[in-house]
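Where a number appears in this text, it was derived from the coordinates with a stated rule and is not lab data. These numbers come from a predicted model, not from an experiment. Backbone-built Cβ (ideal geometry, glycine too); neighbour counts: all protein chains shown.
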Amino acid sequence: MGSVLAATPPPPTPSPGGGGVLGGTGLLSVPPGFSMPPVSPVPPPTSPGQAAGESASPPSNPGTYEECHRKCKEVFPMQMEGVRLVVNKGLSNHFQVSHTITLSSMADSGYRFGATYVGTQQTGPAESFPVLVGDMDNSGSLNAQVIHQLTRTVRSKIAIQTQHHKFVNWQCDMEYRGGNFTSAVTLGNPDILIGSGIIVAHYLQSISPALALGGELVYHRRPGEEGAVTSLIGRYTGSNYVATLTLGGAGAHASYYHRANDQLQLGVEFEGSTQTRETAVSFGYQLDLAKANLLFKGSVDSNLVMGAVLEKKLQPLPLSLALGAFLNQKKNTFQCGFNVTVG
Amino acid sequence: MSGSGKKAVGAPAGGVVEWISTACRFATDRNDFRRNLLVNLGLFAAGVWVARNLSDFDLMSPQPIT
């Protein structure tokens, strides 16, 4: 069944400094609140004779740049702290609201109200546009995203984040999906008055049905300073594994995802940064016992951080429980969390 | 003559000991970037090997009767 928590938009966290480097794309830090809701990819346009010979079939659309490392990252448990109660209620086929109460000793406790609207333009069996997602907390901070399929191959997104009545992050991006390639351009925090902003360009090309190569260019500018960072990515997809490597001026990121069977998935990740001169390796696994409605994720890394999350669905009730714990041996800290999701 | 011969034999041995001690210092220096990079690359390769070779078991299979 997969993770229940993965079906909900990731909780946004307030940006401490206000604004920041755009990313979520491999090696750069990402302003919080800019993650995509889970929307399945647009099926590539197929030619009439394509189904005949699978072994000689031309390479299909490789997906997006951000999705290359996602399969491995989804195996790892999400860090939880405190108590969280989430109540989801579908008001119609197109509209859903959610109420989230968070109690935490490390982060701010509070209440968030979220709403999701899915439009009537259906492009796939489980995909409709436009998608409007937003949530607001009790201090008035807003996170909102609008995703729309402009044409069969062009998709656009606008994301906005406010904090204490001020705009912290705003970005817009366009994505074009061709038959065997995907290109995207993102404009982040543009400010014409002071001449600042960030532009991120992605390109991913299917070389063969298994191999995809691509690149990323990030250009940032503010008064008195500008710079660009490039990185290259390569992904090889096997029958039950995906190996991805990203190399750039900021460092390297390698991930290996292996699906052992229907129950067990493993992930290994290596990250190295030339700026901080640090490297780290993480090993994670996911046990999915569908018959028991149980999902367990565990991880351990080279910084001696061990974590685990256990999710259990209480059938036939529309209720799921999640218990998580993280232990950092080096810093001698321990965090545990408890989530209840209704609906 | 014998003294210089002993010195010649002692010099390579001293060089080997020095090389070993340098290697040990490199392997145990947690603040060295190259050392950490090599160790973590080795751990990554070991993790990939474990994932590919030691993960073929079925949790829901019936327990063997003892």
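What does the net charge come to around A:Gln145 if you take all other residues with beta carbon closer than 13 Å to its beta carbon, with K and R at +1 and D and E at -1? Mind dumping the intermediate values first?
On the way: positive: A:Arg155, A:Lys157; negative: A:Asp135, A:Asp173.
That works out to 0.
To the nearest whole number, what is the average tally of beta carbon atoms from other chains within 10 Å of the beta carbons of peptide A:258-271?
Taking all residues of A:258-271 together, the mean is 5.
With label points built 7 Å along Cα→Cβ from the Cα atoms of A:Ala210 and A:Leu314, find their separation and express it in nm.
Here the modelled spin labels are 4.7 nm apart.
Under a plain spin-label model, where a point goes 7 Å from the Cα along Cα-to-Cβ, how far apart in nm are A:Met306 and B:Glu18?
The two pseudo-label positions are separated by 4.3 nm.
Please report how many Lys pairs in the stretch A:210-343 have alpha carbons closer than 22 angstrom, counting only residues at least 8 apart along the chain or sitting on separate chains.
Details: A:Lys291/A:Lys312; A:Lys291/A:Lys313; A:Lys297/A:Lys312; A:Lys297/A:Lys313; A:Lys297/A:Lys330.
Value for the stretch A:210-343: 5.
How shielded is B:46-54 by partner chains, expressed as the average number of their Cβ atoms within 10 Å of its Cβ atoms?
Mean shielding by partner chains, rounded to a whole number: 6.
Among A:Tyr65, A:Tyr176, which comes first, then next, by fewest other beta-carbon atoms within 10 Å?
The order, fewest Cβ neighbours first, is A:Tyr176, A:Tyr65.
As an exercise, use a Förster radius of 60 Å and the Cβ-Cβ distance of A:Tyr111 and B:Ala46 to find the FRET efficiency, rounded to the nearest 0.05.
FRET efficiency, A:Tyr111 to B:Ala46: 0.85.
Can you figure out the FRET efficiency of A:Leu294 with A:Gln122, using R₀ = 25 Å and their beta-carbon distance, to the nearest 0.05?
Given R0 = 25 Å and the Cβ-Cβ separation, E is 0.15.
Starting from the Cα of A:Lys157, draw a straight line to each of the lysines and keep only those under 24 Å, dropping any in the same chain fewer than 8 residues away.
A:Lys71, A:Lys73, A:Lys166
Starting from the Cα gyration tensor of the stretch A:188-299, take the square roots of the eigenvalues, sort them a ≥ b ≥ c, and report rounded, prolate or oblate (rounded when a/c is under 1.5, otherwise prolate if a/b is larger than b/c, else oblate).
Working: a/c = 2.32, a/b = 2.01, b/c = 1.15.
Cα axes put the stretch A:188-299 in the prolate bin.
Enter the mean number of other protein chain beta carbons within 10 Å of the beta carbon of each residue in B:36-42, as an integer.
On the way: counts 7, 6, 1, 3, 9, 6, 1.
Mean shielding count: 5.
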